[in-house]
Amino acid sequence: VLAMAESNHNTVYLGTGEGFFNLDGISGGGIFKSTDRGVTWSLLSTTLPFGDINRIAVSPTSESTLVAATSTGVYKSTNGGSSWTKTLNVNHVQDLKATPGNFAVQYASQNSAGVWKSVNAGESWTFSSEGLGQVARVELAVSPITTTRIFASAEISFGGGSKIMMSDDGGATWKEVSVQLQGEQADFLNGQGWYDNTIACDPFDDDVIYFGGVSIFRLTLTGG
């Protein structure tokens, strides 16, 4: 996973490892950092115990403040990765999204558990999954237009079933979105959601999302 600092495009962080349970997955070996747009890299040795680094979010105003979602929990650094604080002590955190325009509000997903929320830039977390139901892997997207609207592309169980969940209150409560394809409810992850799973919000219309696994779909909310 790669993350470039918005405040300084010379600074790029690279997280290693595949924390998605594939048998041929490469184990994580820490986070690497470049200060010259990827020409050279240095290993942040403090990150070697993290396991698989699945997502990294960098503050848009500070290249030295970043949060990492890993197979051993969520970690935060305020000094460019020289030292870290473990802020969420759970396993298999696979996604991490900061709210567009507000780095303080962040969402993280834990496989087979649900969604966690932070309102202090990853310093602390609360479980925020009311109504989400049974899930395995969950990928998240925050609308840049209506930032309290959160979508989740969720695998219902490992290798089986899929659903789109939506929250209109910043993750406090969740409801399922009916995903109809040619008049039938679609299992859009097609058994591959543990590995192939992604979702994104349209930047111009908060009723439109793009999601999928092997195939990609576009959905427009029509009411209800």
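The values are calculated or read from the model by the stated rules, or taken from the named source; none is laboratory data. Because the structure is predicted, anything quoted here is derived from the model rather than measured. We place every Cβ from the backbone using ideal geometry, glycine too, and count neighbours over all the protein chains shown. Heads up: the accessible areas ignore ligands, DNA and RNA and are worked out on the full protein's heavy atoms, side chains in. Shrake-Rupley method; radii C 1.70, N 1.55, O 1.52, S 1.80 Å.
So the values come out like this:
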{"item": "For the stretch 60-67, Karplus couplings with θ = phi - 60° (6.51, -1.76, 1.60), whole Hz, Gly/Pro x", "result": "x, 10, 9, 5, 9, 9, 8, 10"}
{"item": "Pairs of Cα atoms farther than 23 Å apart, the stretch 83-175, %", "result": "17 percent"}
{"item": "For the stretch 99-169: relative contact order, % (alpha-carbon pairs under 8 angstrom, 6 or more apart)", "result": "24 percent"}
{"item": "Neighbour-limited loop hits for chymotrypsin sites (Phe, Trp or Tyr not before Pro), the stretch 159-224 (at most 11 other Cβ within 10 Å; DSSP other than H, G, I, E, B)", "result": "204"}
{"item": "Other-chain or far-sequence residues with amide H under 5 Å of residue 105's (modelled H)", "result": "99, 121"}
{"item": "R0 of 45 Å, Cβ-Cβ distance residue 7-residue 176: FRET efficiency to nearest 0.05", "result": "0.75"}
{"item": "Distance between modelled label sites at residue 126 and residue 218, nm, 7 Å Cα→Cβ extension", "result": "3.8 nm"}
{"item": "Kirkwood-based Rg to Rh ratio, the stretch 170-224, C-alpha trace", "result": "0.96"}
{"item": "Heavy-atom accessible area ranking, 1.4 Å probe, most first, across 66, 23", "result": "23, 66"}
{"item": "Relative contact order (percent, whole number), the chain, Cα cutoff 8 Å, 6+ residue spacing", "result": "11 percent"}
{"item": "Rounded to whole Hz, the Karplus (6.51, -1.76, 1.60) HN-Hα couplings of the stretch 85-99, x for glycine and proline", "result": "10, 7, 9, 9, 9, 9, 8, 6, 7, 10, 9, 8, 9, 8, 5"}
{"item": "Reduced Cα scattering model of the chain, Debye log10 I(q)/I(0), q = 0.09, 0.10, 0.16, 0.18 Å⁻¹", "result": "-0.35, -0.43, -1.09, -1.33"}
{"item": "Relative contact order for the stretch 61-124, counting Cα pairs under 8 Å that sit 6 or more residues apart, in percent", "result": "24 percent"}
{"item": "Accessible area (Å², per residue) of the stretch 1-97, counting only protein heavy atoms and a probe of 1.4 Å", "result": "45 Å²"}
